[in-house]
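Undergrad: Have a look at the structure that comes next, please.
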Amino acid sequence: MPDATVVHDEVVMADGAKMTARDVDVFYGEKQAVDKVSIDVDSHYVTAFIGPSGCGKSTFLRCFNRMNDTIDIARVGGRIELDGKDIYDPKMDVVQLRARVGMVFQKPNPFPKSIYENIAYGPRIHGLASAKADMDEIVERSLTRAGLWNEVKDRLDESGTAMSGGQQQRLCIARAIAVDPEVILMDEPCSALDPIATARIEELIDDLRGNYAIVIVTHNMQQAARVSQRTAFFHLGNLVEYGGTEAIFTNPRADRTRDYITGRFG
Amino acid sequence: MAPPNAHIVKSFDDDLRALRSIIGEMGGLARSGLDRSIQSLLSFDMELAERVIADDRRIDDLEMEVEAFAISIIARRAPMAQDLREVIAALKIGALIERIGDYGKNISKRVASISDSKYRGAGSGVERMGQMVSEQVDDAMRAFLDRDPYLARAVNDQDEAIDDFYESLFQTLLGEIAEDSELTAPATHYIFIIKNLERIGDHATNIAEMVHYSATGEYLEARAKGGDATGLTLPL
Ligand SMILES: Nc1ncnc2c1ncn2[C@@H]1O[C@H](COP(=O)(O)OP(=O)(O)OP(=O)(O)O)[C@@H](O)[C@H]1O
Ligand SMILES: [Mg+2]
């Protein structure tokens, strides 16, 4: 029986959360990776998921846009809602869901196509732009929001894979926001980047905050402290503690949280 | 409070231990300076008073060491949660102890002026108040070294007794000045001395508050520190 999650008052939401998870379990075959996790994700804040390797952060994050559907042996239980609608409802259009809940991965994964095409791909399949001019505008706006426009506006035909790692990651973020998502999930988006490229991404996350609900998985404690306003600490598939980032990093309540963030984990 | 588990990176524990030990040394020196300043006052021992003044340098140096070390720990280790609170507490406590050292030094500086006068009236009251304050400093330092929030709270609670004692000594000294204007100069020195003692008591309380915050993450409910208003009525 897992200890109950320690939930700080300040993250208990009065009105509707953007996304809610209730008693979510995930199994890979017989093995349970996520154990009865409940959490609310607010659209005004960046929420950080932290915890030791293998605690189920990525697995849980992938539940929010049903990326676990692509893993044969994965089974998801419990309930996850987006704006109060069950996303595991059989009638839910998963392609549509993934446009509304976008994802950025640890390793930048641009398509082996031009920078322009990397951005245009999503809006095209979702029918967001019919005319070339509309598409041009989406491409420019997305790249601008991702802080990349000035660097790439003269070489939109070049391959996305020919950029630096940091640029590729911002390209992936631009690609995610091109389809006008409501939620952006990021799984260790900076772990392959140097401090300057990391700072750019963090600045970008800060810029995007408020327009999208953002959930970021990170191993970097300082990064969680810098970019998020909400922090959730996971351990062995349990959500141990969820609270305001400042409280979690200055005065965590659960012993397991404290030991982890102060570097005392046995 | 049970000592926290060890860090995975052991040299981090070494750093925190070293920081605490500098603070511990500072606290010991400040308390000894305070005790000796009272002693020099009671026995009009000018040599001892001079030594207290000279020894205060060491406390100033240690405070700078604490500051540099705390900054270095923050830069190198990026402490979090209780570790962060402890480093910040050490930084602030270092500054508070340095002030306590200064007050002790100030008391010693008055020994020469007081010894010129034949007035001896306030001695036993100052001695008693000196003991109370010294014990407060000792308790505050022990609370810090043991990370003991209960002792910290006790220090906080005891401050009122010191304020009351200050108040009554202050009234006594005012009364003596009113009765015999020749006592104005020495009694005024004593008023400053008991005011210094009262401030040391406040600083011991401030240390205790930082200890409580560091140990628990919670602030002690703020208590109005007494003794300030009466300063306005000093007959100067
Ligand atoms: N595709 C999979 N098939 C089987 N087991 C998996 C799969 N993906 C993850 N797991 C297992 O599920 C558990 C949680 O893994 P997950 O990747 O969610 O952890 P994590 O917290 O993201 O770790 P990390 O910080 O290392 O990325 C682990 O025990 C892992 O071995
Ligand atoms: Mg992961």
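The values are calculated or read from the model by the stated rules, or taken from the named source; none is laboratory data. No experiment lies behind these values; they were computed from the predicted model shown. Cβ coordinates were reconstructed from backbone atoms using ideal geometry, including for glycine residues, and neighbour counts include every protein chain displayed. When the accessible area is computed, the model is the full protein with side chains, heavy atoms only, and any ligands, DNA or RNA have been set aside. Shrake-Rupley method; radii C 1.70, N 1.55, O 1.52, S 1.80 Å.
Undergrad: Once ligands and nucleic acids are excluded and a 1.4 Å probe is used, how much of A:THR250 is accessible, expressed in Å² to the nearest 10?
TA: Its accessible surface works out to 40 Å², give or take rounding.
Undergrad: Follow-up. Which log10 I(q)/I(0) values, to two decimals, does region B:119-219 give at q = 0.21 Å⁻¹ under the Debye formula with one point per Cα?
TA: -0.91
Undergrad: A follow-up question, please. Beyond 35 Å, what share of the Cα-Cα pairs of region A:7-261 is found? Please give it as a whole percent.
TA: 14 percent
Undergrad: Here's something else I'd like to know. Evaluated at 25 °C with a viscosity of 0.890 mPa s, what Stokes-Einstein diffusion coefficient in µm²/s does region B:3-51 have when Rh comes from the Kirkwood expression over alpha-carbon pairs?
TA: Here the translational diffusion coefficient equals 186 µm²/s.
Undergrad: Quick one: accessible area per residue over the protein assembly as shown, 1.4 Å probe, rounded to a whole number of Å²? Could you put the intermediate results ahead of the total?
TA: Numbers: 22500 Å² over 502 residues.
Normalised by residue count, the accessible surface of the protein assembly as shown is 45 Å².
Undergrad: Could you tell me how many degrees, from 0 to 90 and to the nearest 10, lie between the Cα long axis of helix A:165-178 and the main elongation axis, the longest principal axis, of the Cα atoms of chain A?
TA: In chain A, helix A:165-178 runs at an angle near 90 degrees to the longest axis.
Undergrad: Rounded, prolate or oblate: which fits region A:149-250, taking a ≥ b ≥ c as square roots of the Cα gyration tensor eigenvalues, rounded meaning a/c under 1.5, else prolate when a/b beats b/c?
TA: On the way: a/c = 2.30, a/b = 1.96, b/c = 1.18.
Since a/c reaches 1.5 and a/b is larger than b/c, the shape of region A:149-250 is classed as prolate.
Undergrad: Quick check: Cα centre of region A:130-154 to Cα centre of region A:182-234, how many Å?
TA: One Cα centre to the other: 23 Å.
Undergrad: Excluding ligands, DNA and RNA, what is the accessible area buried between chains A and B, summed over both sides, using a 1.4 Å probe, to the nearest 100 Å²?
TA: 1200 Å²
Undergrad: So if we plug the beta-carbon distance of A:ASP134 and A:MET13 into 1/(1 + (r/R0)^6) with R0 = 45 Å, what FRET efficiency do we get, rounded to 0.05?
TA: FRET efficiency, A:ASP134 to A:MET13: 0.80.
Undergrad: Which residues of region A:208-234 bury at least 50 Å² of accessible area once all protein chains are present, versus their chain alone (1.4 Å probe)?
TA: Residues passing the criterion (a loss of at least 50 Å², heavy atoms only) are A:GLN222.
Undergrad: Here is a further query. Output needed for the protein assembly as shown: three equivalent-ellipsoid semi-axes, defined as square roots of 5 times the C-alpha gyration tensor eigenvalues, in descending order, whole Å.
TA: They are 64, 23, 20 Å, listed from largest to smallest.
Undergrad: Find, among the GluC sites (Glu not before Pro) in region A:1-102, those assigned to loop by DSSP (not H, G, I, E, B) with at most 11 other beta-carbon atoms within 10 angstrom.
TA: A:GLU30
Undergrad: Quickly estimate the mean residue ellipticity at 222 nm for the protein assembly as shown, helices only: each DSSP H run with n ≥ 4 gives -39500 (n - 2.57), and the total goes over all residues, rounded to 500.
TA: After summing the helix terms and dividing by the residues of the protein assembly as shown, the value is -18500 deg cm²/dmol.
Undergrad: Just reorder B:HIS212, B:HIS189, A:HIS219 by solvent-accessible area, largest first, 1.4 Å probe, all chains present. Walk me through the intermediate numbers first.
TA: Details: B:HIS212 15, B:HIS189 45, A:HIS219 80 Å².
Most to least solvent-accessible, the answer reads A:HIS219, B:HIS189, B:HIS212.
Undergrad: Here's another thing I want to ask about it. Using a 1.4 angstrom probe on heavy atoms only, work out the carbon and sulfur share of the accessible area of chain A in %.
TA: Solvent-exposed carbon and sulfur of chain A make up 49 percent of the total.
Undergrad: Determine the alpha carbon to alpha carbon distance for each of A:LYS107/A:LYS153; A:LYS107/A:LYS132; B:LYS109/B:LYS195; A:LYS31/A:LYS85; A:LYS18/A:LYS57 and list only those over 21 Å.
TA: Violating the 21 Å Cα-Cα cut-off are A:LYS107/A:LYS153; A:LYS107/A:LYS132; A:LYS31/A:LYS85.
Undergrad: In terms of modelled amide H atoms, which long-range or inter-chain residues lie less than 5 Å from the amide H of B:ILE8?
TA: A:ARG264, A:PHE265
Undergrad: What is the spin-label model distance, in nm, from B:VAL9 to B:TYR150 if the labels are put 7 Å beyond Cα along the C-beta direction?
TA: Modelled inter-label distance: 3.5 nm.
Undergrad: What is the Å³ per residue value for the convex hull set by the Cα atoms of chain B?
TA: Considering the Cα atoms of chain B, their hull volume per residue is 109 Å³.
Undergrad: Could you give the nm distance between label points at A:ARG253 and A:HIS126, where each point is 7 Å from its Cα heading toward the beta carbon?
TA: Using points 7 Å along Cα→Cβ, the separation is 3.7 nm.
Undergrad: A follow-up question, please. For the pair B:GLN131/B:ARG17, report the inter-label distance in nm, with labels modelled 7 Å from Cα in the Cβ direction.
TA: Distance between the two pseudo-spin positions: 3.7 nm.
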